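Everything on this sheet refers to the single structure shown next.
The values are calculated or read from the model by the stated rules, or taken from the named source; none is laboratory data. Fair warning: this is a prediction, and the values are worked out from it, not measured in the lab. Quick reminder, even Gly has a Cβ in these numbers, built from the backbone with ideal geometry, and neighbours come from all protein chains shown. Surface areas here come from the heavy atoms of the whole protein model, side chains and all, with no ligands, DNA or RNA. Shrake-Rupley method; radii C 1.70, N 1.55, O 1.52, S 1.80 Å.
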Amino acid sequence: EDFSKVMNLDPEYGEAVLNRGISKKLLGNYEDACQTYKDEITAGNATTDTYNQLGIVRMLFQDYHEAIVEFDNALQLDSENSDALYNRGLAFILTYKSTQGCTDLQQAYDLGNTNAREKMTFFCKENF
């Protein structure tokens, strides 16, 4: 756990915490990843990336409504975060709120998120 070593040297180094959570997520350890992000939020060190990654983990648990809450939190910190808009758009679509989802995907695309275009083509035919 190199990220843990970095955090012991500098507990305020949020990038290490974020990367540790991402590593746990990629290894399929979703519960530990979720807890890593929650701990950062509780400690007052949350960033848009922290909330965005927590939202992604919530989506992996198929908890789409809570994922939307986390993406909303990310967007409160940075209303033009294209990753959070993209992810919230997908979560909206998965909760049968296509209009809201397609609006978010369009905004994400307008802000430079190229992945949003592919999803819009697939999910948003009726909305755009």
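Positive-end ranking of 120, 103, 79 along the dipole of segment 47-128, with charges on Cβ about the Cα centre, is headed by 120. Over segment 48-128, accessible surface divided per residue gives 55 Å², non-protein components excluded, 1.4 Å probe. Annotation: extensible slack from residue 62 through residue 118 equals 18.0 nm (criterion: 0.36 nm per residue apart, minus Cα-Cα distance). Under 29 Å of direct C-alpha separation, and excluding same-chain neighbours fewer than eight residues apart, residue 97 reaches these lysines: 25, 38, 119, 125.
At 0.36 nm per residue, minus the direct Cα-Cα distance, what do residue 15 and residue 77 gain on full extension? Give it in nm, one decimal, please. Before the final figure, lay out each step's value.
On the way: separation 62, 0.36 × 62 = 22.32 nm, distance 1.69 nm.
Gain on extension, residue 15 to residue 77, equals 20.6 nm.
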